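Just so it is clear, none of the values below were taken in a lab; they were calculated from the coordinates. Remember, it's a predicted structure, so these values are computed and weren't measured experimentally. Here Cβ is always computed from backbone atoms with ideal geometry, including for glycine, and neighbour counts include all displayed protein chains.
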């Protein structure tokens, strides 16, 4: 592929690939396709908030990875990258079992798209409250970088990288201190 400066277009057959310094070339994304891609992230959040494991699992490909290691470290915990849909679901649902949660997805942008794969940027705010003690909380603001693939009629997450912007509250709400 020819190199391009920011704002240049590269013609490839009938499609025009748009390139910038920050993002790889990508095909144009229709509004319907954008909604379908972002829906995977909505299923991830709503599945937790509604305690709907099937909805949550539908967001992930079978061999997906979820990397929450950097935010966990900032909150005083050491955790591995979660690998595989079942491990991700088991780990997340165990962590939120005693919590009330809300996940709000904002500023979703498809930053790479080739028709079968996409990369999604979004800001996600996640509130965590102990179910029987709402006087304590942990509010998290994260940047999500999510790589997805089309699986039949749905998009599913292949890789999710979560990076913390800020947090407020008590990290022990999500990562209880031993003892």
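The table that follows gives values for the structure above.
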{"quantity": "Protection proxy ranking of 156-162, 70-76 - average other beta-carbon atoms within 10 Å, highest first", "calculated": "156-162, 70-76"}
{"quantity": "Ranked packing of 50-56, 131-137, most packed first, by mean Cβ within 10 Å", "calculated": "50-56, 131-137"}
{"quantity": "Within the chain, helix-based [θ] at 222 nm, where runs of 4 or more DSSP H residues each add -39,500 (n - 2.57), nearest 500", "calculated": "-7000 deg cm²/dmol"}
{"quantity": "Additional length obtainable on full extension of the chain from residue 125 to residue 51, 0.36 nm per residue less Cα span", "calculated": "24.9 nm"}
{"quantity": "Where labels lie 7 Å past Cα in the beta-carbon direction, separation of residue 143 and residue 175 in nm", "calculated": "2.0"}
{"quantity": "Over the chain: Rg over Rh, Cα atoms, Kirkwood Rh", "calculated": "1.03"}
{"quantity": "Residues residue 168 and residue 62, FRET efficiency given R0 of 41 Å [Cβ-Cβ distance, rounded to 0.05]", "calculated": "0.70"}
{"quantity": "Inter-probe distance in nm under a simple model that places probes 7 Å from Cα toward Cβ, at residue 132 and residue 100", "calculated": "1.5"}
{"quantity": "Estimated FRET transfer efficiency when R0 is 30 angstrom, pair residue 90-residue 111 (beta carbons, to 0.05)", "calculated": "0.50"}
